[in-house]
Amino acid sequence: MEGRGVAAGRRTATDLGAHICFEDEAGQGLRPSKGHTWAPRGARPVVRVRGRNRGRVNIAGVVCYHAGHRSRFFFKLHIRHGRRGEPKAFSWRRYRDLIVMTHIQLGTPVVWCWDNLNMHLVKEPADFAEEHKHCLQIFQMPSCAPELNPAEGIWSLLKRHLADFAAADLTHLTRVIKRKLKKIQYRPHLVDGCLPPTGLTMDDDAVRPQDSTSST
């Protein structure tokens, strides 16, 4: 595993003819996030939810870009019920499955960029990348720089849809999250829209930083 960041990942993607893929995680519990809505003056809407907040849907998602190809988004879910001894987050095996699924779906080599989450830094991802270096390269993104990851835009879209949504139970919440994420999958223009806020652009080769200067 190498830590040269997005710029190195871009160069490698160009050399390999690969998709450059940005992975990130998010989650949603049964307590809804707050949002704004319309209501008659003086009649504030009230959404009642269960007092208990056990259970959470964790999401690992990856957005994929390649010049001349449709942008793609893939995800896996980890449902945490709040039971004793239950895993709280994704294991390396689940991340590995996401990488393999992404590679198969894209049909090209994959340059995989993700942050410095503890599970991303264990030995297994480095060994896996070394074993499959003909089709996989993994790069660490800069620490504390979520604004560089286009996957953050996917979570923004999802949170907007879930604002003030009161799920009946964890099964209901899981079903709604899956439906919302699948709608994003079939709308590549939404995935495209996650790229410009990061300051990255697509050219004929790969993803590259935007030029901060302009000519007149």
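Structural remarks
- Met101/Thr171 FRET efficiency (R0 30 Å; Cβ-Cβ; nearest 0.05): 0.80
- Rounded, prolate or oblate (a/c below 1.5 giving rounded, otherwise prolate when a/b exceeds b/c) for segment 62-216 by Cα gyration tensor: oblate
- Cα shape, segment 107-157, gyration tensor, a/c 1.5 rule: oblate
- FRET efficiency, Lys182 to Trp38 (Cβ-Cβ, R0 25 Å, nearest 0.05): 0.35
- Net length available on complete extension from Arg31 to His134 is 32.7 nm, with 0.36 nm assigned per residue and the Cα-Cα distance removed.
- Environment charge at Gly61 (Cβ cut-off 9 Å; Lys +1, Arg +1, Asp -1, Glu -1): -2
- Segment 58-163 - share of DSSP beta bridges that are antiparallel (%, nearest 5): 60
Bear in mind that the values in this text are calculations on the coordinates, not laboratory data. Source: prediction; values computed, not measured. Here Cβ is always computed from backbone atoms with ideal geometry, including for glycine, and neighbour counts include all displayed protein chains.
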